Amino acid sequence: MTNYRLTPLRDTSANKERIMEHTRSNIRKSPAKSQRNWRHALIAACTVIVALLLAGPSIYQALFNKQNFTVEKVVFPETAYDALINSIYLDETNEFVYRTENGFYSFDVANKQQSLLMETSDWAYDYGVSENWLFWVQPVENEQKFHILNRKTNEVKVYENDFLYGIGVKGNTLIFMGQTRGDNFLGTAYKVMDLETGKVEVLREFEGGSHSRPAIDGSRIAISETVRLENGVNTLITVHDFEEINDIANYVLPYPIVQNVLLKGSKVYGYMWNEREGEPASIGTINMENGQFEAIEASVIMDGYATDGEHFAIEVKKGDTNTVQLFENIDGTLKRISSLPAIKERLVKPRFTEGGTLIVNGEGPDHAMYLIRFE
């Protein structure tokens, strides 16, 4: 602060003139000082931005990660990795169900308790489970048969079948692929079985091949089938209601290979490519409300994915291996929102439950599994 002392004058008008002149002088100096401060602030801000860019993605992630989720680590008592990699998590009961060489087990996540559901020494990849049912196939007198456990009554029923492979259990319905017989041919079809009555119905005859297991959402199922049309090999996606046994919609995609088909709300997702050299695979979506197809661009090389319709868990390259990171679809491009920094081990096989829980397998020494829940 500048002190200004007035010299006593008899003429007050002269005194006023001195005050005004001093004020004008200060006003003329003030903008220059303000401009210098503004320039200094701008230079400092630019320096910070350049430093962030030079620091690389790790700093960017630390500042801009969307940590709107929780991570729960689940460790199983003396359970083989190959049993956990195919395990199924049920939101309704907060439990994992998995198959070992000794039988089917349930692990209560909250109480950390493991219990035997069904003892069996026959090892088979396909099985289905829900809160009320457990389904698997095993031989009886050298013939493969359906085995269905009612988890409420512990009763097991055994059925004859034409089973090829299983898809899943939803409510009181089993969906599977089986054989169909015509006058002069043996074909395949997706079928549904009422687990309470044992009644089986054909949902869809299947003529071509497929690169993806069907996807279930509510009472709907999306089926992928490779077909040859006039313009070459394409993929036919059909959506059905397996409770009403009727067709909902069908779409033709201009890709010969569509993997990991997922059905979420009003959209069907697929991991697709054309087998052309240099052309990367992409995630595509079909909007069932208007029939439009959109390819989602990715800024990373993908080895697999899972989605709940909003978040994408992508298997990405990391050094000589890969791991799972989280992305969102922002204006048609997948943008990373988290590298899951709290998890220090390699992650594989992401999958979402219908309730929106993301499950990934860890490849650390304790073979942990992780439950990621979004807020």
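Bear in mind that the values in this text are calculations on the coordinates, not laboratory data. Computed from a predicted structure; not experimentally measured. With ideal geometry, Cβ positions are generated from the backbone for all residues, glycine too; neighbour counts draw on all protein chains shown.
For the reader, a short list of remarks on this structure follows.
- Computed on region 120-178, the Cα convex hull volume stands at 84 Å³ per residue.
- Here the label points at E275 and S219, each 7 Å from Cα along the C-beta direction, are separated by 3.9 nm in the simple model.
- Radius of gyration (Cα atoms) of region 111-244, expressed as a multiple of 2.2 N^0.38 Å: 1.17.
- Charge tally around F163: other residues with Cβ under 13 Å, Lys/Arg +1 each, Asp/Glu -1 each, net -2.
- Gap separating the Cα centres of region 131-203 and region 327-364, nearest whole Å: 33 Å
- Full extension of the chain between V300 and E230 yields a length gain of 21.8 nm, computed as 0.36 nm times the residue separation minus the alpha carbon distance.
- For region 252-375, the calculated P(r) over all alpha carbon pairs, in 5 Å bins from 0 to the bin holding the longest distance, is 2, 10, 21, 24, 20, 13, 7, 3, 1, 0 percent.
- Phi-derived couplings, Karplus 6.51 cos²θ - 1.76 cosθ + 1.60 at θ = phi - 60°, listed residue by residue for region 255-268: 10, x, 10, 10, 10, 6, 5, 10, 10, 9, x, 8, 10, 10 Hz, with x used for Gly and Pro.
- Relative counts (whole %) of C-alpha pair distances in region 265-317, using bins that are 5 Å wide: 4, 18, 28, 25, 14, 8, 2
- Near R151, the amide H atoms lying under 5 Å from its own belong to W133, L134; only residues 5 or more places off or on other chains count, and H is placed 1.01 Å from N.
- Residues in region 111-140 that a label on V156 would reach, taking backbone N under 17 Å of a point 7 Å out along Cα→Cβ: 115-130, 133-140
- At most 15 other Cβ within 10 Å, DSSP loop - trypsin sites (Lys or Arg not before Pro), region 226-279: R276
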